[in-house]
Amino acid sequence: MAMNTEVLVIGGGITGLAVAFELARSGRRVALYEARRIGAMASGATLGGIRQSGRHPAELPLARAAVGLWGELEGRLGAPTGYRRTGNLRLARSAAEAATILRMVRAQRALGLEIDYLADPKDIGALAPGLGNGVLAASFCPSDGQAEPTAVLTAYVKALRRLGVAIHEAEPARTVVVERGRVNGIETGGGRVAAPNVVLAAGIDSNRLLAPLGLAVPLAIPEVVGFRTLPRPPRLGPVIGVANAEIAFRQQTDGSFRVTGAAAGDAVAGRPRGPRLGALARLLDAFSALLPEAADVPLAESWIGFLDQTPDALPVIEACDEPRGLVLAFGFSGHGFALGPIVGRLVAEMVAGRSPELSVEAFRRDRFGRQGFPAGVTLHG
Ligand SMILES: Cc1cc2nc3c(=O)[nH]c(=O)nc-3n(C[C@H](O)[C@H](O)[C@H](O)COP(=O)(O)OP(=O)(O)OC[C@H]3O[C@@H](n4cnc5c(N)ncnc54)[C@H](O)[C@@H]3O)c2cc1C
């Protein structure tokens, strides 16, 4: 006799995959529905930076716990992730940017993060040889790092299959079914799938499922341009960012440079399929200025990604009071790749009806209705 599914996960990005993994590991019967294909949205477009530095105080405990989990993820999933703790260098190219970085370093040190302010370009050059002349200062967080997005997603999928999780690609959830104040599954193109628990991890599309329930949250959907070069011999260790977040880059394990740009616009209507030429040209210029020795490396591919950006750039992570059985995990605002493994753990605890090991109070959706609600900045990379 077929066993009933206990949890339906909507979304096959890192969040949905990590949630499904933790639930299946704890013995739950899980099915995952992905509208497109695994990693089709932000989790495939991502830079793959795993950082704690530059995080909002509410998010920092999650990022620090996530860094611990990234260290053991490969062993738990049984496949390579490309994770390495190479540090994150955030560069200042003007006195104003240097002041921004110094403020950030002081604030993060006060919260207990090991992060240094480098005022001598020689120290910066020693960590990242080949950087251009315009760099004046930087922050360096040695326990930050990076992972290879495709490897990570593939490793999760393999682990899920091993654990017996049914993965349905190209099968969007059309509605979340609610009966008498409780979730009772989803509707897909193939009909009703029943389950007492639903986890919504649908990134920029989450509001489509929440609006009919009266639970939509304010989300902007800016675009971010990315590109990758052909491989070069390995030389760049840390992930590189800049104070104004216009560019972030790193060298992948295969030697190619992976580069992403600034968040721009709000793409709810009329999504383009590829990068706008102006945005790509600006990003190519910024990269060549920061790493002149890479200026002649051939381009391999370019893309655009979208961010599910909330007004304070913090996610929504919540077990809903109404309908019961619905857990939300989206709105990662351009920095959710790093958080995936810990969000998987926290959400699995919430599905089980337990209080999660780290507080998620700051991530409730009702904060958007409050007065004096702060607007945030977002850094990715
Ligand atoms: C260019 C770029 C660079 C970034 N760099 C970094 C970085 O360096 N470090 C970092 O930590 N973060 C970074 N981020 C952010 C990070 O990639 C995202 O926060 C993270 O990948 C979000 O994962 P997710 O699973 O929540 O969402 P997504 O990866 O967007 O996954 C949601 C999935 O849900 C699916 N879906 C939507 N609607 C439905 C439906 N109705 N039914 C079923 N499935 C549905 C979508 O197809 C999608 O695959 C970056 C993002 C971008 C775009």
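The values are calculated or read from the model by the stated rules, or taken from the named source; none is laboratory data. Values in this document were obtained by computation on a predicted structure and should not be read as measured data. FYI the Cβ positions are ideal-geometry reconstructions off the backbone, even for glycines, and counts take in every protein chain you see. Side chains included, ligands, DNA and RNA excluded: accessible areas come from the protein's heavy atoms. Shrake-Rupley method; radii C 1.70, N 1.55, O 1.52, S 1.80 Å.
Descriptive notes on the structure:
- Qualifying residue in the stretch 218-227 (condition: more than 11 Å from the ligand (Cβ to nearest atom) and closer than 18 Å to CYS320 by Cβ): yes
- Counting the residues of the stretch 327-347 that are part of a strand (DSSP E or B) and more than 10 Å from the ligand (Cβ to nearest atom) gives 2.
- Within the stretch 131-161, if we keep just the residues that are touching a strand residue (DSSP E or B) at 6+ places or on another chain (Cβ under 8 Å) and under 30 Å from ASN4 (Cα atoms), the residue that is farthest from the ligand (Cβ to nearest atom) turns out to be ARG161.
- Restricting the stretch 356-374 to residues that are more than 26 Å from PRO212 (Cα to Cα) and modelled with pLDDT under 95, the residue that is farthest from the ligand (Cβ to nearest atom) is GLY372.
- Residue that is farthest from PHE249 (Cα to Cα) [pool: residues in the stretch 192-214 that are more than 10 Å from the ligand (Cβ to nearest atom) and open to solvent by less than 20 Å² (accessible area, probe 1.4 Å)]: ALA195
- The set of residues in the stretch 303-326 that are without any contact (Cβ under 8 Å) to a residue 40 or more places away in the chain and either among the hydrophobic types (A, V, I, L, M, F, W, C) or near the ligand (Cβ under 8 Å from one of its atoms) (or both) contains only ALA319.
- Of all the numbered requirements in (1) touching a strand residue (DSSP E or B) at 6+ places or on another chain (Cβ under 6 Å); (2) under 22 Å from GLY344 (Cα atoms); (3) in a loop (DSSP other than H, G, I, E, B), GLY164 misses one, and that requirement is (1).
- Conditions (1) assigned by TED's automatic domain parsing to the domain that holds GLY132; (2) free of Cβ contacts under 8 Å to residues at least 24 places away in the same chain: number failed by PRO298: (2)
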